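Read the structure below first, then the notes.
The values are calculated or read from the model by the stated rules, or taken from the named source; none is laboratory data. This is a predicted model, so every value here is computed, not measured. Only protein heavy atoms, including side chains, enter the accessible area calculation; ligands, DNA and RNA are left aside. Shrake-Rupley method; radii C 1.70, N 1.55, O 1.52, S 1.80 Å.
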Amino acid sequence: MIAIIDYDAGNIKSVEKAMIHLGQDVCITRDRDQILSADKVILPGVGSFGDAMAKLRQYGLEPVIHEVVEKGTPFLGICLGLQLLFERSDETPGIEGLGILKGEILRIPDHPGLKIPHMSWNSLELTNNGRLFKNLPKEPYVYFVHSYYLKAADEKIVTATTEYGTHIHASVEKDNVFACQFHPEKSSDVGLKILKNFVEL
């Protein structure tokens, strides 16, 4: 069973739909026991870093997420879910993230001709043999919606990058923790293949 963490963030339903399409048994939950007993856990999200951290804390989900990660359960953060795994964000200075991975979330710099938020299909440059990208084309196209981007402290965990006015760490992987800044659930067949690779870990 795959648990999708429910903390009132946007985008939960489209992740659920993609997982059901892949034939998975899915539950959207904030129940500690259900999350801890799941085979895989997903933290999706669209919204503000500070609001999201407040909700995770309000629902008592922060320690549960740490427990899942420490237990070795495969864990996937999507979009805002990626950002929350890190230490801090320019979006809400002074608010601490989950701190599971080292790095910071920065605002995409203004650049002539580039719109912010970044809402478009971009190709990925794959690095470090990410398990989520197994058997994918060399420069797969995926769909992004974001105004802030990851700069990971350790480049060795970065499995995909993209360029949008700056160099963006678009996907990371460390042990049982995986995360994508883009939306695999909205990235057509490539995205479904990425989610299938996660399911099959």
Relative contact order of segment 69-201, please, whole-number percent, based on alpha carbon pairs below 8 angstrom and at least 6 residues apart. 28
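Report, as a whole number in µm² per second, the diffusion coefficient that Stokes-Einstein gives for segment 83-201 at 37 °C and 0.692 mPa s using the Kirkwood radius over alpha carbon pairs. Let's see the in-between values first.
On the way: Rh = 14.5 Å.
Roughly 226 µm²/s, to the nearest whole number.
Ignoring ligands, DNA and RNA, what accessible area per residue does segment 1-86 give at 1.4 Å, in Å²? All intermediate terms of the calculation are to be shown ahead of the outcome.
On the way: 3320 Å² over 86 residues.
Result: 39 Å² of accessible area for each residue.
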Under 17 Å from Lys71, Cα to Cα: aspartates and glutamates that are on another chain or at least 8 residues apart: Asp31, Asp33, Asp39, Glu62, Glu173, Asp175
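Report in % the part of the accessible area of the chain that belongs to carbon and sulfur, leaving out ligands and nucleic acids; probe 1.4 Å.
48
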Accessible surface of Val46 in the full protein assembly, 1.4 angstrom probe, to the nearest 10 Å²? 70
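Counting alpha carbon pairs within less than 8 Å and at least 6 residues apart, what relative contact order, in whole percent, applies to segment 1-113?
Here the relative contact order equals 23 percent.
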So what's Rg/Rh here for the chain, counting alpha carbon atoms and using the Kirkwood radius for Rh? 0.93
